[in-house]
1. For residues in region 319-347 being among the charged types (D, E, K, R) and over 21 Å from Gln272 (Cα atoms), which is surrounded by the most Cβ atoms within 10 Å (Cβ to Cβ)?
2. Hey, among Leu212, Leu157, which residue is assigned to a loop (DSSP other than H, G, I, E, B), buried (at least 20 other Cβ atoms within 10 Å of the Cβ) and modelled with pLDDT under 90?
3. In region 328-353, how many residues are within 24 Å of Arg281 (Cα to Cα), in contact with a Phe, Trp or Tyr (Cβ under 8 Å, 6 or more places away or on another chain) and of a type in the set (D, E, K, R)?
4. When region 36-74 is examined, which residues are found to be of a type in the set (Phe, Trp, Tyr) and in contact (Cβ under 8 Å) with a residue 40 or more places away in the chain?
5. Taking region 28-48 on its own, how many of its residues are of a type outside the set (Lys, Arg), part of a strand (DSSP E or B) and more than 19 Å from Asp67 (Cα to Cα)?
6. Among the numbered criteria (1) in the same structural domain as Arg66 (by TED's automatic domain parsing); (2) under 23 Å from Cys63 (Cα atoms); (3) not in a strand (DSSP E or B); (4) not polar (S, T, N, Q), which one does His138 miss?
7. Here is a check on your reading of the model: is Cys77 surrounded by 16 or more Cβ atoms within 10 Å (Cβ to Cβ) and without any contact (Cβ under 8 Å) to a residue 60 or more places away in the chain?
8. If a residue must be closer than 20 Å to Lys271 by Cβ, touching a residue at least 12 places away in the same chain (Cβ under 8 Å) and surrounded by fewer than 17 Cβ atoms within 10 Å (Cβ to Cβ), how many such residues does region 360-373 contain?
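The values are calculated or read from the model by the stated rules, or taken from the named source; none is laboratory data. Just so you know, these numbers come straight off a predicted model, no measurement behind them. Using ideal geometry, Cβ is built from the backbone for each residue, glycine included, and neighbour counts are taken over all protein chains shown.
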Amino acid sequence: MKLLPYIPTFIKDASKAVKRISKSEFKKTADNTLTELLGIATLFVTMYALRREGNHEILHLWCAHRDDVALCPHCGCLSQDVHQEEERSIRHLDVWGKKTILHFLARRFKCEDCDKIFSEQLPFVDSHRRQSIAFELHVYQSCLESTRKAVAVRNGLSHSTVKEIFNRFAALKHNLDSCDTIRVLGVDEISLKKRYKQFVLIISDISRKCVLAVLPNREKETLEAWIESLSPECRKSIRFVSIDMWKPYYQAARSKLPRAKIVVDRFHVMKQLNMRLTKLRTTYQNQCGPELKKVLKGSRWILVRNRSELSNKEEDQLKQIFQECPELRTLYLLKEEFRTIFEKITCREKAARFLDAWCRKAMRTGNKFIAKFVNTFKNWRDQILNYFIERVTNGFVEGTNNALRVITRIAFGYRNFENFRLRVLAGLGVCHTNPR
């Protein structure tokens, strides 16, 4: 019968990132350098070992507890009676650029006062976790700037481990977010898959410039359910709701937030006007001869851009277009006049007079494209004029949409809505710098 060789006391790496290591391989430390690099106040390093795995060196640190007592969670008394000790290994932040594993004794105490046995609560690692809190936070923050797959490869972890760490921290951060007071609520959607018209609803606190919620669709019932989930005090604190011209948003805000002023974002209004101007230009291009087509070629952005932002070359091309297309000149000047009203006037009543006069002037042109815009304006007149109360816009929300597209592009799209929601809240939610 062949006897198995003697196996010394092994220290198992609980993170499954390295092989087992015998305690006999450790060497005593000569000074406190490793303890200072470790940066954990309740531990000090007594021994260390270097192991090579492939092309990488793994640093193992054997640590001891600074305190011989623990606080009983049952009665709140200090206990010195160690009932049981078990070796534990966790992954920690790299030291000297080497993957670092901490080894220490996990202790259970018996309280002398209440006679109950309890496990010691450690400030640097959560119960049953295979990585320290500092290392998990490092993984979480890395996921905000890169893909989970890249973070997993860089840190020598499995993709599932990185995903679990990120989702847990993101959920924890969202639970800590406070919605006690929201002054200006922003509501807008973003298309995850334009080809399939898959929209998600992004709800933001414009005053604090943060995302409050990501909802799976832009239906009226979905938005109403979220508003109802807010506390009565929070709903009362909302003074303005900034939306685009999507009726379900208006209906939900009107029914659930009757005290709030609904504001149609001025940039969406300008977008509608620019769209009518573009359609007139397209009509000209489809009907004109080759010479006029040459003049109009590449003029789309020149016509919709603010005139003050045009270069000298673009200004010359614009004048040439006006000479050839007088109707296009009329609509362009109306567009610039409309924009000036929003930029110069700060009084709602005065803005109402100017915009009503502008509508009459626009209708006298007899142009069918501008007539459609005037009809849209009249349908949303009160909500558009609410902009002039405090000049509330959806500018932050539109900027957020650009950030969301970057998030989606980095991850090459999301198949799971919950993963997308947590990623957005982690990166753009309240106090996203540190979820702990």
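1. Step one: list which residues in region 319-347 are among the charged types (D, E, K, R), which gives 319, 324, 327, 329, 335-337, 339, 343-344.
Checking which are over 21 Å from Gln272 (Cα atoms) leaves us with 319, 324.
Working: Lys319: 10, Glu324: 14.
Looking at residues that are among the charged types (D, E, K, R) and over 21 Å from Gln272 (Cα atoms), I get Glu324.
2. Numbers: Leu212 fails: assigned to a loop (DSSP other than H, G, I, E, B).
That would be Leu157, the only listed residue that is assigned to a loop (DSSP other than H, G, I, E, B), buried (at least 20 other Cβ atoms within 10 Å of the Cβ) and modelled with pLDDT under 90.
3. 2
4. Residues of region 36-74 that are of a type in the set (Phe, Trp, Tyr), as a first pass: 44, 48, 62.
The one that is of a type in the set (Phe, Trp, Tyr) and in contact (Cβ under 8 Å) with a residue 40 or more places away in the chain: Trp62.
5. Our first condition is that a residue be of a type outside the set (Lys, Arg); within region 28-48, this holds for 29-48.
Cutting the leftovers down to part of a strand (DSSP E or B) gives us 43-48.
Now restrict to residues that are more than 19 Å from Asp67 (Cα to Cα): 48.
Residues meeting the conditions: 1.
6. All conditions are met except number (1).
7. Values: surrounded by 16 or more Cβ atoms within 10 Å (Cβ to Cβ): no; without any contact (Cβ under 8 Å) to a residue 60 or more places away in the chain: yes.
Taking the combined requirement at face value, the residue does not satisfy it.
8. Going through region 360-373, the residues closer than 20 Å to Lys271 by Cβ turn out to be 362, 367-373.
Now drop any that are not touching a residue at least 12 places away in the same chain (Cβ under 8 Å), which leaves 362, 367, 369-370, 372-373.
Next, only the ones that are surrounded by fewer than 17 Cβ atoms within 10 Å (Cβ to Cβ) stay: 372.
Looking only at that region, the number is 1.
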